[in-house]
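Presented below is the structure to which this report refers.
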Amino acid sequence: MSRARADEEEYWHSSKFRAFTFDDEDDELSQLKESKRAVNSLRDIVDDDDDDLERVSWSGEPVGSISWSIRETASSSTSSLEGQDSSLQKGSSSYAAFPKQVSSYSLSSLFKGKVSPMQYGLPQESLSDPGVKNYAPELRRPKAEYKDYSSDWSPKDTVTRMQRGKVCSLERFRSLQDKLVLLDEAVAGHDGNVITAVLIFLKRTLRREILFRELEVRQVALCHLIYFLKETGEQKLLLDLLRFLDRTEEVALSQYREHLNIQDVEKRREFLKGCIGLPFSAEDASHIQDHYTLLERQIIIEANDRHLEAAGQSEIFQKYPRKASILNMPLVTTLFYSCFYHYTEAEGMFSSPTNLKKTFKIPDKQYVLTALAARAKLRAWEDVDALFTTKNWLGYTKKKAPIGFHRVVEILQRNNAPVQVLQEYVRLVEDVETRLNLATKYKCHDVVIETYKDLKDRIQLTAYKCKVERGSAEEEKINSILNNMVRKH
C-alpha cells in the first residue's frame with residue numbers, strides 16, 4: 001500500500017504533459033499520444049490482480065483504445081465549462097463530471113425516488129457494479145457540492161426543488177403523515193406536474209383504500225388523479241376510485257368508453273348491449289340505446305349492400321361504388337348514405353331515410369340539410385323539388401324550407417346545379433337584399449331584373465343593363481321594362 005501510495009504521489013507531481021502553445025503542430029495527435037501515456041501510467045498505479053480481464057472505461061470501451069482516448073481528450077477540454085454545475089454522487093468512489101440538466105426533472109426519477117446514472121451520462125455499471133475498477137484516484141469535492149443529493153429536505157423544500165426542476169428522492173417520506181404533508185405542499189404550490197408526480201408516488205406506496213380515503217377530502221388532488229388515470233388508461237383503478245366516491249354515472253360512462261378499444265364490430269355491438277343497463281342519467285341512457293340501435297342497423301345495411309354491390313344487382317352501386325364501409329359511422333353520415341343509396345325505399349326498410357328519421361327522432365332541419373346534400377350530389381333535381389314542396393288542406397302546393405332558401409341555394413350551387421334550378425330557389429329568398437346578392441353572385445339575371453322591376457328602380461336597371469350581353473334576351477327584357485316605365489310617367 002505504501003509503495004502504491006508513493007507511486008501515486010510521484011505520478012501526480014511528475015506529469016509529463018506539455019503546456020499548450022500555438023506553435024504546436026498536429027495538436028490533436030499530440031494530445032492523443034499524451035492521453036495514451038497517461039493511461040499507461042495509470043496502469044502502474046493500480047493493482048494487477050485482474051490482468052486477465054479486459055479493462056473498460058465508464059463509456060464501456062477498452063481503456064487505451066483510440067476512440068476512448070479521443071473521447072477523454074474532448075471531455076477534458078470542456079470540463080472547465082461544466083465545473084460550476086458538476087456534483088458528486090454520494091457514496092461513489094469514482095469521480096465524474098455531472099453536466100447541468102437541460103430539461104426539467106425526470107418524472108420517472110421522481111416517481112421511483114432515485115436518480116438514474118444514465119441521466120448524467122454514466123452507464124449503470126459505474127455506480128452499481130463493484131467489480132469495475134477505477135483507474136483514477138478519488139478527488140475530493142467540497143462538502144457544499146453534496147447538497148443537491150441530500151435526503152434531509154422537508155416536504156416543503158422538496159416541493160420547491162421539484163418546481164425548480166431539481167431531482168429529488170421521495171422514498172424518504174415513509175410515514176402516512178409525511179406523505180400527506182408532501183401532497184398538501186404540492187397542491188399549495190399550484191404546479192400540476194409536481195402534484196401528479198407526488199400522486200404517482202402515493203399511488204405506488206399506499207394501499208388503495210387509504211389513498212382513496214385521503215383524496216376524498218382533497219378535491220384538487222383527486223381531480224388530478226382522475227384525469228391522470230383517464231389519460232394513462234388505468235381503467236380498473238379509475239373504476240375502483242369512482243365506485244369508492246359513489247359516482248355511479250361516471251363509472252358507467254367510463255365503462256362505456258371502453259367500446260372505443262373494441263375493433264370487432266360484433267363484439268362492440270354486444271358490449272354496447274351490455275352498457276344499456278348501466279346507471280346512466282336519463283339523457284345518457286337514451287344516447288347509449290341509440291348508439292346500440294344504430295350499430296345494429298349499420299351491420300344489417302352493410303351486409304345487404306355488400307352483397308348487392310358484389311352481385312352487380314343494383315344500378316346505383318355500379319354507377320357510384322361505395323368508398324367506405326358504413327360500420328361505426330355517425331348518425332348523420334349514416335343518414336347521408338341512406339339518402340344517397342336508398343332514398344326511394346319504403347319506411348319499413350331499415351335502410352330507408354324516413355325510417356332512420358323516425359327511429360332516431362332526427363329534426364326536420366337536419367334531415368332536409370342531409371337529404372338535400374345527398375340528392376344534389378346525384379343531380380336528382382326532381383327529388384330536390386319534392387323535398388321542399390308541400391300541400392295545404394285545400395290542395396294548393398307551395399315551397400317551404402326549414403333551413404331557409406338562401407342555404408338551399410348555396411348547397412345547390414356547390415353541387416353545380418344549373419342556372420334554371422338556382423333561379424327557382426333564389427326567387428324564394430324573402431329578404432330582398434339577400435336575394436339580389438345571391439342572384440348577382442350566381443348570375444341569375446332574370447331574378448335581378450324582376451327584383452329591380454318590382455322596386456321600380458330605373459337607375460339600377462340601367463346600370464345592370466351593362467352587365468348582360470349585348471343583344472341577349474336579358475337586355476331586351478330590361479329595355480322593355482324601361483320603356484314601359486317611361487310611358488307610365
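The values are calculated or read from the model by the stated rules, or taken from the named source; none is laboratory data. Just so we're clear, the structure is a prediction, and the values are computed from it rather than from any experiment. Ideal geometry is used to build each Cβ from the backbone, glycine not excepted, and the neighbour counts take in all protein chains shown. For the accessible areas, the whole protein counts, side chains as well, though only heavy atoms, and no ligand, DNA or RNA atoms are used. Shrake-Rupley method; radii C 1.70, N 1.55, O 1.52, S 1.80 Å.
Brief remarks on what is shown
- Computed about its Cα centre, the charge dipole of the stretch 252-362 is approximately 160 debye, with only Lys, Arg, Asp and Glu carrying charge at their Cβ.
- Comparing Cα centroids, the stretch 359-391 and the stretch 268-318 end up 23 angstrom apart.
- Share of carbon and sulfur in the accessible area of the stretch 377-443 stands at 47%, probe radius 1.4 Å.
- Evaluating 6.51 cos²θ - 1.76 cosθ + 1.60 at θ = phi - 60° for every residue in the stretch 293-301, the Karplus couplings come out as 5, 5, 4, 4, 5, 4, 4, 5, 5 Hz, glycine and proline recorded as x.
- The reciprocal of the average 1/r between distinct C-alpha atoms defines the Kirkwood hydrodynamic radius, which for the stretch 444-488 equals 10.3 Å.
- The stretch 174-320 gives an Rg/Rh value of 1.22, both radii derived from C-alpha positions and Rh following Kirkwood.
- Averaging Cα coordinates gives a centre for the stretch 165-238 and one for the stretch 321-355; these two points are 49 Å apart.
- The stretch 307-428, dipole about Cα centre (Lys/Arg Cβ +1, Asp/Glu Cβ -1), debye to the nearest 20: 380
- Set against the 2.2 N^0.38 Å expectation for a compact globular protein, the stretch 377-443 has a Cα radius of gyration ratio of 1.13.
- Size of the stretch 198-263: Rg and Dmax of its alpha carbons, in Å, are 12.0, 39.
- Stokes-Einstein diffusion coefficient of the stretch 276-318, Kirkwood radius over Cα pairs, 4 °C, 1.567 mPa s, in µm²/s: 105
- Peptides ranked, highest mean first, by Cβ atoms within 10 Å: ranges 260-266, 348-354, 179-185: 179-185, 348-354, 260-266
- Computed over the alpha-carbon atoms, the stretch 151-246 gives an Rg to Rh ratio of 0.96, Rh here being the Kirkwood radius from the mean inverse distance.
- The order of the peptides 435-442, 359-366, 399-406 by mean Cβ neighbours within 10 Å, most packed first, is 435-442, 399-406, 359-366.
- For the stretch 151-246, the Cβ-based charge dipole about the Cα centre amounts to some 220 debye (Lys, Arg positive; Asp, Glu negative; other atoms uncharged).
- Three principal axis extents of the stretch 365-489 based on alpha-carbon atoms, in descending order, are 49, 35, 22 Å.
- Enclosed volume per residue, in Å³, of the convex hull spanned by Cα atoms of the stretch 306-410: 130
- Over 30 Å between alpha carbons, listed pairs LYS236/LYS361; LYS441/LYS477; LYS230/LYS361; LYS323/LYS441; LYS365/LYS467; LYS391/LYS477: LYS236/LYS361; LYS230/LYS361; LYS323/LYS441; LYS365/LYS467; LYS391/LYS477
- Ellipsoid semi-axes in whole angstrom, largest first, where each is sqrt(5λ) of the Cα gyration tensor of the stretch 252-362: 28, 16, 10
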